[in-house]
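Read the structure below first, then the notes.
The values are calculated or read from the model by the stated rules, or taken from the named source; none is laboratory data. If you're wondering where the values come from, they're calculated on a predicted model, not measured in any experiment. Backbone-built Cβ (ideal geometry, glycine too); neighbour counts: all protein chains shown. The area values use the complete protein model at the heavy-atom level, side chains included, leaving out ligands, DNA and RNA. Shrake-Rupley method; radii C 1.70, N 1.55, O 1.52, S 1.80 Å.
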Amino acid sequence: MVKHATGTIDTKNKLAAVLRRRKVATMEELSAAIGIDVRMTIYRSLKELGYQTSYSHGGRYYALKETVAFNEGGLWSARRVWFSEDGTLMATLKRFVSNSQRGYFASELEHLLHVCVKESLLRLVQKDRISRQRVSRSYLYCSRIETIRKRQIAARAADLGEAIDSLIAAEAVPHEVKAAIVLFAALLDERQLRLFAGVEALQFGKGAERWIANLLGVHRQTVAKGRSQVLAGEVDFERIRKTGAGRPRVEKKTPKSSKESKR
């Protein structure tokens with residue numbers, strides 16, 4: 001028993017010396033450095049010492065907690081290996097996205113975290129731990145809490161010159177309403193559809209042309225033109241309602257006289 005304790009202390013001392021010198025190391029590097037092939041023995045010693053695993057490089061690197069100095073963003077690196085106070089990449093992404101004032105695009109997170117994040121972000125969305133909203137031509141990753149998400153989208157929309165109210169309104173439109181808009185639009189000809197799209201853009205606020213265009217499957221300029229025509233009163237009612245359009249007139253029938261009915 002004493003021999004085992006001595007061996008454990010010796011292993012811990014060797015591991016600590018290696019990690020203090022190298023800062024970070026993989027299990028294979030630690031095993032080769034101290035001459036022990038039994039991973040469980042190394043794990044036990046690391047646990048007693050206190051360690052961090054990297055979120056980069058598939059979590060294969062270890063560092064002593066005593067040597068790790070996280071920055072304000074909760075990150076630390078050595079030898080181009082990255083660690084987070086949250087531990088895993090998934091937990092780190094959730095914290096960054098949820099606590100952000102403006103949400104994050106995937107490219108921004110990759111720049112900050114120095115790793116590919118798209119697959120991890122998609123998994124977080126699928127697990128309903130974060131959400132995403134299309135802004136401009138990319139997805140903005142946001143908090144799953146609605147009030148926070150709306151603030152993040154609003155802040156980002158302001159940066160991009162989008163209309164804050166239209167993005168929030170578009171997000172809040174029920175699916176049944178969107179389906180009704182699409183169904184009604186399918187009944188219109190090209191000119192009517194342009195004007196209808198313009199009216200809907202006016203209803204949801206300045207800047208709503210993009211999502212209305214995506215919803216109806218038309219070009220954004222078509223929506224903008226329809227909006228301008230409606231505002232300017234440039235609506236040719238004669239051309240919209242063509243001759244013969246609508247229900248056929250109901251002809252009044254002259255009731256038969258009582259004498260004729262007897263014949």
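Anything in the range 20-32 that is open to solvent by less than 60 Å² (accessible area, probe 1.4 Å) and among the aliphatic types (A, V, I, L, M)? List them, or say none. Break it down into steps so the answer makes sense when it comes.
To start, the set of residues in the range 20-32 that are open to solvent by less than 60 Å² (accessible area, probe 1.4 Å) comprises 24-27, 29-31.
Across the range 20-32, the qualifying residues are Val24, Ala25, Met27, Leu30.
If I go through the range 33-92 residue by residue, how many of them are in a helix (DSSP H, G or I), under 30 Å from the mean Cα position of the chain (by Cα) and not aliphatic (A, V, I, L, M)?
So the answer is 4.
Output the residues belonging to the range 39-66 that are of a type in the set (Ser, Thr, Tyr) and in contact with a Leu (Cβ under 7 Å, 6 or more places away or on another chain). Before the answer, list the steps.
Taking the range 39-66 as the starting set, the residues that turn out to be of a type in the set (Ser, Thr, Tyr) are 41, 43, 45, 51, 53-56, 61-62.
Ser45, Tyr51, Tyr55, Tyr62, listed by residue number.
Of all residues in the range 33-60, which are more than 15 Å from Thr92 (Cα to Cα) and open to solvent by less than 30 Å² (accessible area, probe 1.4 Å)? Break it down into steps so the answer makes sense when it comes.
Here is the first cut: in the range 33-60, the residues more than 15 Å from Thr92 (Cα to Cα) are 33-51, 60.
Once the filter is applied, which keeps residues that are more than 15 Å from Thr92 (Cα to Cα) and open to solvent by less than 30 Å² (accessible area, probe 1.4 Å), the range 33-60 yields Ile34, Ile42, Ser45, Leu46, Gly50.
Can you pull out the helices (runs of 4 or more DSSP H) entirely within the range 94-179 that have at least 3 residues that are at pLDDT 95 or above and under 11 Å from the mean Cα position of the chain (by Cα)?
Working: elements: 106-113, 118-126, 146-160, 164-172.
Counting at least 3 such residues, we get 118-126.
Looking at the range 62-78, which of the residues that are over 22 Å from Ile9 (Cα atoms) and aromatic (Phe, Trp, Tyr) is surrounded by the fewest Cβ atoms within 10 Å (Cβ to Cβ)?
That would be Phe70.
List, please: which pairs have Cβ atoms under 6 Å, are six or more places apart or on different chains, and start with a residue in the range 135-147 that is under 13 Å from Arg95 (Cα atoms) and open to solvent by 90 Å² or more (accessible area, probe 1.4 Å) and end with one that is modelled with pLDDT of 95 or more and of a type in the set (A, V, I, L, M, F, W, C)?
Arg144/Ile130
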